[in-house]
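The structure appears right after this line, and notes come after that.
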Amino acid sequence: GEVYRATHSRLKREVAVKVIRRNQQESQVFYENFLREIETLGQLDHPNMVRAFDALEFDGYLFLVMELLDGDSLKSLATQGKAFTLVDALKVMLGLARAVGHLHDSHVACTRYLPIYFKAGYDTSIIK
């Protein structure tokens with residue numbers, strides 16, 4: 001799916017919205033995996049994971065409304081050739097390890113960890 005910046009009309013706040021289009025839903029497995037992803041994220045609460053605010057299905061589209069993180073993603077920083085200091089790299093890894101540990105403690109079985117759902121644990125205007 002694709003992720004967009006939006007304003008939640010009822011919450012009056014900026015959010016990230018992940019949209020799954022109709023053509024991506026043709027696979028029943030893909031559709032069921034996304035529904036499970038929505039349910040799992042909605043049940044988790046951890047400082048190193050984005051919070052889910054809402055989820056809905058409308059006119060053949062699935063929407064997941066999440067906390068919006070400012071700044072560049074780790075992927076975009078890596079593709080820009082951003083070099084991290086050792087301390088910054090350790091802070092990022094610690095934040096990710098805490099989030100994955102929370103998944104484990106919550107008995108969430110993930111076959112893949114989607115970077116979109118993780119916060120690194122320090123200045124999120126620089127790193128997520």
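The values are calculated or read from the model by the stated rules, or taken from the named source; none is laboratory data. Remember, predicted model here, so these are calculated numbers, not experimental data. All accessible areas refer to the heavy atoms of the entire protein, side chains included, with ligands and DNA or RNA removed. Shrake-Rupley method; radii C 1.70, N 1.55, O 1.52, S 1.80 Å.
Observations on the model:
- Probe 1.4 Å - accessible area at S9, Å² to nearest ten: 80
- Each residue of the stretch 42-53 was assigned a 3J(HN,Hα) from its phi angle through the Karplus curve 6.51 cos²θ - 1.76 cosθ + 1.60 (θ = phi - 60°); the sequence is x, 8, 9, 9, 8, x, 9, 10, 5, 9, 8, 9 Hz, with glycine and proline shown as x.
- For I38, I20, the ranking by accessible surface with the largest value first comes to I38, I20, using a 1.4 Å probe.
- In sequence order, the stretch 67-78 has phi-based couplings of 4, 8, 9, 7, x, 7, 6, 4, 4, 5, 5, 5 Hz under the Karplus curve 6.51 cos²θ - 1.76 cosθ + 1.60, θ = phi - 60°, and Gly or Pro positions carry x.
- Between amide H atoms placed 1.01 Å from N, distances below 5 Å from R51 occur with E67, all of them 5 or more places distant or on a separate chain.
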